[in-house]
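J.: Before I ask anything, let me first share the structure, which is written out below as structure tokens.
The values are calculated or read from the model by the stated rules, or taken from the named source; none is laboratory data. Quick caveat: nothing in here was measured; it's all calculated off a predicted structure. Note that we place each Cβ from the backbone using ideal geometry, even for glycine, and neighbour counts take in every protein chain shown. Please note that ligands, DNA and RNA were not included when accessible areas were found on the heavy atoms of the full protein model with its side chains. Shrake-Rupley method; radii C 1.70, N 1.55, O 1.52, S 1.80 Å.
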Amino acid sequence: LMLGDVCFRVAETMRREEVADRFARLIMRVSPKSYAQAMGEVVVTRKFFENFGGDNVRFLARAFTTVGDYQGQESTGYRWPLGPVALIYPFNFPLEIPGLQLMGALFMGNKPTVKACDRTGLVMCELIRLLHHCGLPKTDIDFIHCSGQVMHEFLLTAQPRVTQFTGSSKVAELLARDLHGKVKIEDAGFDWKILGPDVSEFDYVAWQADQDAYASLGQKCSAQSILFAHENWMEAGILERLQALVERRSLDDLTMGPLLSVTNDQFTGHMNNLLKIPGARLLWGGEEIENHTIPERYGSMKPTAVFVPIEELVKEENFGTCVTEIFGQFQVVTSYTEDQLPMVLDATERMSHHLTAAVVSNDMLFMNKVLANTQNGTQYSGIRARTTAAPQHMWFGPSGDPRGAGIGTREAIHLTWSHHREIVTDMGPVPQGWTTPDAS
């Protein structure tokens, strides 16, 4: 009940224009992205609090009962707290990801220790202050600001019941090993988009593809990493339209800008490796932003795309390079014919992580074939399909990994922050005339 009231007050406060604006500008200060993208993060977070601003927190603990074998016996299934838990979050969504996961942990009765990225912790600090202002007891959350190495030592000492980690797959695997599998992970996503054979809503599809690849500087785990365009879209001029949209992006409004986890050397090194593949060519970008003052430790490259022929992309010697994620404004583009669709589907299956994906088509037969042969955790379909955005009313999380964490919905909160507990009540009466049976 208390948490429902807190959520109601937080949502009400975040509806105030000056509060929403403060959070958006805090996000922009520590994790460069446009104002529209930063405010979108604030709105999703506010709507999540609205969703749980009442009895929905109570409903998360709803149990179910099954009748027993005889009078007086029944079993009741509960969603039970895990206990002391830890949450570790990256720089790219400093409000939405930790805010939603933190509240999910609290809703299910856990005691969380929260670590945000050491470069973006200010945003989470402000959210916790708002939670306290709206009635959350100060003893309910532990907030730690430290390096990754210090947090790793803390986890090994404290041994939380579960650690929910959002970030790189390399760190996720390290935590899974050192914490003996007691993890819930939302890690890397080399996310794909397939443009189907039916060309329609051309300008909208092109705009969405540009947004999916390059909004928030491409620093989203759901960013479009590879685009499979049917030959019909190629003939319609999709690449030319995408290039025109890319050229609108500017450092002035942070629609392009500093990449916090990728250096220029890493960016260009990967691009050059792709360009060594037979038939590969640079579509746009590939050069540094002009007249910038971005420190050398951060990337400062323009939005970039490299075309790789599908026949070369699927070859064993090229595939690993083609599906290596660059956490920034970078994507691979390829095209396919109707006869080559099996190659496309095989490529999506061979990818190691299955977070988001999009099937851009209103052709039901095509759409069903692709959906039946893929497995991404959050997969959009239809002519308006996208790879990005994790609105508060949808499940967002990976598929194909039993360690996968979800975020936002009731099912995600249950999976990530609670476990099932069965209590069997057996009160009798003992049958009249019962006697001790023979040993068995």
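J.: Using Cα-Cα distances under 8 Å and only pairs 6 or more residues apart, what relative contact order does the chain have, in percent? List each step's numbers first, then the result.
T.: Working: 852 pairs, mean separation 81.3, N = 440.
Relative contact order comes out at 18 percent.
J.: Can you show me the helix-derived [θ] at 222 nm for the chain, built from DSSP H runs with n ≥ 4 at -39,500 (n - 2.57) apiece and divided by the number of residues, rounded to the nearest 500. Can you show the working numbers first?
T.: Working: 17 runs with 173 residues, N = 440.
Helix-only estimate at 222 nm: -11500 deg cm²/dmol.
J.: Also: For region 234-243, what does the Karplus curve 6.51 cos²θ - 1.76 cosθ + 1.60, with θ = phi - 60°, yield as ³J(HN,Hα) per residue in whole Hz, taken in order and with x for Gly and Pro?
T.: 5, 5, 6, x, 4, 5, 5, 5, 5, 4
J.: In whole percent, what relative contact order does region 274-422 give with Cα contacts below 8 Å and a gap of six or more residues? Intermediate values should be presented prior to the final figure.
T.: Numbers: 207 pairs, mean separation 21.7, N = 149.
Once normalised by length, the contact order is 15 percent.
J.: Shifting gears a bit: So in region 280-387, what percent of DSSP beta bridges are antiparallel if you round to the nearest 5?
T.: Details: 4 of 12 bridges.
Counting only bridges with both partners in region 280-387, antiparallel ones make up about 35 percent.
J.: Size of region 139-253 along its principal axes in angstrom, Cα-based, largest extent first?
T.: That works out to 59, 34, 24 Å along the principal axes.
J.: Still on this structure, I have one more. Work out the FRET efficiency for I310 and M2 from their Cβ-Cβ distance, taking R0 = 60 Å, and round it to the nearest 0.05. Numbers along the way, then the final one.
T.: Working: r = 56 Å, r/R0 = 0.93.
Using R0 = 60 Å, I get an efficiency of 0.60.
J.: Now for a different question. Counting C-alpha atoms alone, how compact is region 371-440: give Rg to one decimal and Dmax as a whole number, in angstrom.
T.: Rg, Dmax (Cα atoms, Å): 23.3, 71.
J.: Report for region 183-337 the percent antiparallel among DSSP-assigned beta bridges with both residues inside it, nearest 5. Let's see the in-between values first.
T.: On the way: 5 of 19 bridges.
For region 183-337, the DSSP antiparallel bridge percentage is about 25.
J.: Carbon-plus-sulfur fraction of the accessible area of region 92-189, 1.4 Å probe, in percent? Kindly include the intermediate steps, with their values, before the conclusion.
T.: Details: 2140 of 3910 Å².
For region 92-189, the apolar C and S fraction of the accessible surface comes to 55 percent.
J.: Report, to the nearest whole %, how much of the accessible area of region 9-56 belongs to carbon and sulfur atoms, 1.4 Å probe, protein only. Mind dumping the intermediate values first?
T.: Numbers: 990 of 2270 Å².
That share works out to 44 percent.
J.: Would you mind telling me the share, in percent, of accessible area of region 263-397 contributed by carbon and sulfur at probe 1.4 angstrom? Don't skip to the end; give the middle numbers.
T.: Details: 2920 of 6090 Å².
Here it works out to 48 percent.
J.: Additional query: Running Debye on region 160-317 with equal point scatterers at the Cα sites and no solvent, what base-10 log of I(q)/I(0) appears at q = 0.16, 0.17 Å⁻¹?
T.: Result of the Debye calculation: -1.04, -1.12.
J.: Highest first, please rank the peptides 32-40, 51-59, 428-436, 93-101 by the mean number of other Cβ atoms sitting within 10 Å of their residues. Walk me through the intermediate numbers first.
T.: On the way: 32-40: 20.0, 51-59: 16.4, 428-436: 6.9, 93-101: 26.6.
Packing proxy ranking, top to bottom: 93-101, 32-40, 51-59, 428-436.
J.: Nearest 10 degrees is fine. How inclined is helix 202-214 to the longest principal axis of the chain, computing both from alpha carbons?
T.: 70
J.: How big is the chain along each principal axis, measuring the range of its Cα positions in Å and listing the largest first?
T.: Extents along the principal axes, in whole Å: 86, 51, 40.
J.: While we're on this one: P(r) for region 9-58, please, calculated from all Cα pair distances in 5 Å bins and given in %.
T.: P(r) over region 9-58, rounded to whole percents: 4, 23, 28, 20, 13, 7, 4, 1.
J.: Shifting gears a bit: With every protein chain left in place, what is the accessible area per residue of the chain in square angstrom, probe 1.4 Å?
T.: On the way: 19980 Å² over 440 residues.
Accessible area per residue, the chain: 45 Å².
J.: Further question: So what is the relative contact order of region 269-359, in percent, for Cα pairs below 8 Å that sit 6 or more residues apart? Show your work: numbers first, answer last.
T.: On the way: 93 pairs, mean separation 23.5, N = 91.
Value for region 269-359: 26 percent.
J.: Work from the charge dipole of the chain (Cβ charges, +1 for Lys and Arg, -1 for Asp and Glu, about the Cα centre) and give the residue of T387, G196, L217 farthest towards its positive end.
T.: L217
J.: If I build a Gaussian network model for the chain, linking alpha-carbon pairs within less than 10 angstrom, which residue out of R248, R29, R350 has the largest mean-square fluctuation?
T.: Its mean-square fluctuation being the largest, the pick is R248.
J.: Here is a further query. What is the distance in Å between the Cα centres of region 29-66 and region 214-265?
T.: Value for the Cα centre distance between the two parts: 28 Å.
J.: If I fit a long axis through the Cα atoms of helix 17-30 and take the longest principal axis of the Cα atoms of the chain, what angle between them do I get, 0 to 90°, rounded to 10?
T.: 60
J.: Let me know the volume per residue of the alpha-carbon convex hull for region 154-211, in Å³. Don't skip to the answer; put the middle values down first.
T.: Details: hull volume 6.7 nm³, N = 58.
That works out to 115 Å³ per residue.
J.: Here's something else I'd like to know. Return the single residue from I141, I226, I88 with maximal mean-square fluctuation; model: Gaussian network over the chain, springs between Cα atoms under 10 Å.
T.: Maximum fluctuation in the GNM of the chain, among the listed residues, is at I141.
J.: Taking θ as phi - 60°, what are the ³J(HN,Hα) couplings along region 317-329 by the Karplus curve (6.51, -1.76, 1.60), each to the nearest whole Hz, with x for Gly and Pro?
T.: Running phi through 6.51 cos²θ - 1.76 cosθ + 1.60 with θ = phi - 60° gives 6, 10, 4, x, 5, 5, 10, 7, 7, 10, 7, x, 7 Hz.
J.: With a 10 Å cut-off between alpha carbons and a GNM built on the chain, which of D426, D210, D21 moves the most?
T.: D426
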